[in-house]
2 protein chains.
Amino acid sequence: MGGHEEEARARACLTAVVRPGDPWLGALLAEHGAARVWAALRAREAPPPLETEEDPTDEERALQRWRGWAHKSLAVDADALLARSAEAGVRFVAPGDPEWPGRLDERPGGRDCHGLWVRGHGDLRNLCLRSVGIVGARAASPYGEYVASELAHGLAERSFTVVSGGAYGIDGAAHRAAMTTGRTVAVLACGLDVDYPRGHAGLFTEVARHGALVSERPVGRTPRAPDFLIRNRLIAALTSGTVVVEAGRRSGALNTAAHADELHRVLMAVPGPVTSATSVGCHRLLKEGRAVCVTGVDDVVEQIAPLDELSTMGGPLPVHTDLSAETARVLAAVGTRGAGTAGVARASGEGLEQTMRSLGLLAAAGLVERSPTGWRRPPSGRS
Amino acid sequence: MGGHEEEARARACLTAVVRPGDPWLGALLAEHGAARVWAALRAREAPPPLETEEDPTDEERALQRWRGWAHKSLAVDADALLARSAEAGVRFVAPGDPEWPGRLDERPGGRDCHGLWVRGHGDLRNLCLRSVGIVGARAASPYGEYVASELAHGLAERSFTVVSGGAYGIDGAAHRAAMTTGRTVAVLACGLDVDYPRGHAGLFTEVARHGALVSERPVGRTPRAPDFLIRNRLIAALTSGTVVVEAGRRSGALNTAAHADELHRVLMAVPGPVTSATSVGCHRLLKEGRAVCVTGVDDVVEQIAPLDELSTMGGPLPVHTDLSAETARVLAAVGTRGAGTAGVARASGEGLEQTMRSLGLLAAAGLVERSPTGWRRPPSGRS
């Protein structure tokens, strides 16, 4: 078994025993590797000591967590977990995998995501290259659902992937509208075979076709209340920015604000009638200066564009930290006039197969396009 | 004829020939006095030279203005103007008059108001001590009128004078609601006997009873389009801050924003549905960071309070730049326990009549209140 595969397998198993977002575990994995940590848990050994970072100050509570993980780890059958996942069409994506979203490696806090379960046709890394989160109240008003739909539709049309939480209300409206013109990603708080909420089972099937479903939880896992808050963090982490369309006074969507801050993402809020309880949260974000006021697609694009690594096209070749070296070379070989695939391959120095794969990725991300004269960069100014 | 009376009379005449807000005229009046300027105009002399400030760079245009004023001045009969005004219940208030709002002397731009025509029972200076502007679209939505009413009602209840423009839509709603619990000032773009718009003639009669009507234009003057924009500047100047409740893409209310900036007043905007054309202007102000988001009375009070010279009560005696020396001494003599009028007069060193007048002013401004034990300062924290 190869090193990476073993690591990924251990990380997949860890999702069955730990709560997502544990920074101590992130440090342990970074220093010792997941296989070693997993083996220590299974053998009921003490946690390997951290040398690069301070060990958790409150050691007793950390050790309690460790013992809990160790206890649960005994019940995990790696082969069965992966088989059951595969059966449900769910794959595991670990850091270093081609599909791992580069954004998650950005500091701070990126390391807190230890691995992702993914279901659907889309390539997650690719889907997230140019993406916006749209979140909001489950008990949305017709106004909120209308605005969420308009935004999602328009952003998807402009090649932004719409990332939301799969819930009723704003989330559902955003996913549905995005799929009419483009791509969407649903970040769930439960296992990807669980279909929570029930009424969205059909929606999730559609999302899998038009993008991807993502979760930090393994198949079979039903959602619990704190999971939804952790899920919001992942939405912020996967996107350039998040729009809160409607949120009541204590909406969970508001905690996306804290995450966006922490992760240096743009937070946007849509205003609404001051007489509407579902806009109170949005107005609070605006009053406190924590969110930027957006009223339509143009506003969102304007806010996201400077941060979006894909928006600098047309100028000198940008450093696409999120692209593989091969794909970056292929991108560099594409001009504004158009060239055939073979020509691009020759110019890039990559093989034909790699070139085709990279061009597909780049086209999906809106970085290159097919024209009558062949592959070319889209005219600048278009985004 | 006394110096001040002569000056005031000349300023009253000037309102019949110049457009409000002329900074050159402001400089001329400051340096040479209104009587001298008016005499020069009537005698068709050249404008007296400015020594303290640079003369207008574009001299030919300034001289053209001057010639236009001189020409019109010949038609002005001061006695007739004042008699006609008095007949309509309209008085002229000049800088230095007891009723002149102290705010207008604040730099920058305060000097651009050369004099005010006032109609109504209220003392204008007193009315403006603690005041908020509420402005917005004439073609307001039911939502906008509702919000304007709620804000005006609540602010009037908290002893803020609601200042607005007397127009249909937001303005009318604000005036009406303010009068149910407190005081209001209508700033008009026409002469105070003109009742424009017609349908608000009854409203203006009510406003005169519950506060005051104000204009920079003499009686008989019908409004023209540019007058409305200049009127907005006066609303900003008379208040601590202005709330834009609804404004379309090109609403005149938006130019209040520029004035508020220039005059260092707080500008606030009420959000609304992003689907509403009458909220587009408010959202633009919020997006551009030119206005603070407010959704209710508490927000407005929070924004205004630090700037309101009357809000510091309860702490050490504040310097009320807007109070006359006599009234400030009376205020200083009022404690938290309560004292009779005669006691306050003794403690302040002012005569009984002056003390009564000052106490009336201070009570109207919420700075003192009658209690079972006599005059006292309101408990701190109440504003």
A:ALA137 fails exactly one of the following numbered conditions: (1) open to solvent by 20 Å² or more (accessible area, probe 1.4 Å); (2) over 29 Å from A:VAL18 (Cβ atoms). What is the number of that condition? (1)
Inspect all residues belonging to the stretch B:365-379 and state whether any of them is open to solvent by 40 Å² or more (accessible area, probe 1.4 Å), under 25 Å from the mean Cα position of the chain (by Cα) and either over 30 Å from A:ASP299 (Cβ atoms) or at pLDDT 85 or above (or both). no
Name the single residue, out of those in the stretch A:140-163 being assigned to a loop (DSSP other than H, G, I, E, B) and over 25 Å from A:ASN255 (Cβ atoms), that is most open to solvent (accessible area, probe 1.4 Å). A:ARG158
Quick one: how many residues across the stretch B:230-261 are open to solvent by 20 Å² or more (accessible area, probe 1.4 Å) and β-branched (Val, Ile, Thr)? 1
Give the residues of the stretch B:18-40 that are open to solvent by 20 Å² or more (accessible area, probe 1.4 Å), assigned to a helix (DSSP H, G or I) and not aromatic (Phe, Trp, Tyr), sorted by residue number. B:PRO23, B:ALA30, B:GLU31, B:HIS32, B:ALA35, B:ARG36, B:ALA39
Which listed residue, of A:VAL274, A:VAL300, is of a type in the set (A, V, I, L, M), buried (at least 19 other Cβ atoms within 10 Å of the Cβ), in a loop (DSSP other than H, G, I, E, B) and within 12 Å of chain B (Cβ to nearest Cβ): A:VAL274
Based on what the data block shows, is A:ALA208 part of a helix (DSSP H, G or I) and either touching a Phe, Trp or Tyr at 6+ places or on another chain (Cβ under 9 Å) or crowded, with 24+ Cβ neighbours inside 10 Å (or both)? no
Starting from the stretch B:190-216, keep only residues that are touching a residue at least 24 places away in the same chain (Cβ under 8 Å), then list their pairs with residues that are surrounded by fewer than 18 Cβ atoms within 10 Å (Cβ to Cβ) and not in a loop (DSSP other than H, G, I, E, B) whose Cβ atoms are within a distance under 9 Å, requiring at least 6 positions of separation or different chains. B:ASP193/B:ARG84; B:ASP193/B:GLU87
Might you let me know whether the stretch B:292-306 holds any residue that is within 26 Å of B:ASP105 (Cβ to Cβ) and at pLDDT below 85? yes
Among what's in the stretch A:277-297 and is open to solvent by 10 Å² or more (accessible area, probe 1.4 Å), in a helix (DSSP H, G or I) and among the hydrophobic types (A, V, I, L, M, F, W, C), pick the residue that is nearest to the other protein chains (Cβ to nearest Cβ). A:LEU286
Being under 26 Å from A:VAL194 (Cβ atoms), part of a loop (DSSP other than H, G, I, E, B) and either among the hydroxyl-bearing types (Ser, Thr, Tyr) or over 20 Å from the mean Cα position of the chain (by Cα) (or both) narrows A:ALA86, A:ALA75 down to just A:ALA75
With respect to B:GLY96, is the statement that it is outside the structural domain of B:ASN232 (by TED's automatic domain parsing), modelled with pLDDT under 95 and among the small types (Gly, Ala, Ser) true? yes
Have a look at A:ALA257, A:ALA269 and point out the one that is within 14 Å of chain B (Cβ to nearest Cβ) and either more than 23 Å from A:PRO23 (Cα to Cα) or among the aliphatic types (A, V, I, L, M) (or both). A:ALA269
Which condition breaks for A:THR15 when tested against (1) open to solvent by 60 Å² or more (accessible area, probe 1.4 Å); (2) out of contact with any helix residue (DSSP H, G or I) (no Cβ under 7 Å at 6 or more places or on another chain)? (1)
Against the definition (surrounded by fewer than 17 Cβ atoms within 10 Å (Cβ to Cβ), of a type in the set (Gly, Ala, Ser), more than 24 Å from the chain's Cα centre (by Cα) and in a helix (DSSP H, G or I)), how does A:ALA80 come out, yes or no? yes
Could you tell me whether B:LEU50 is outside any helix (DSSP H, G or I), at pLDDT below 95 and either not β-branched (Val, Ile, Thr) or not assigned by TED's automatic domain parsing to the domain that holds B:GLY220 (or both)? yes
Against the conditions (1) hydrophobic (A, V, I, L, M, F, W, C); (2) touching a residue at least 40 places away in the same chain (Cβ under 8 Å); (3) over 15 Å from A:SER149 (Cα atoms), where does A:VAL163 fall short? Just the number, please. (3)
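The values are calculated or read from the model by the stated rules, or taken from the named source; none is laboratory data. These numbers were taken from a predicted model, which means no experiment stands behind them. For neighbour counting, all protein chains shown are included, and Cβ atoms are generated from backbone atoms with ideal geometry for every residue, glycine included. When the accessible area is computed, the model is the full protein with side chains, heavy atoms only, and any ligands, DNA or RNA have been set aside. Shrake-Rupley method; radii C 1.70, N 1.55, O 1.52, S 1.80 Å.
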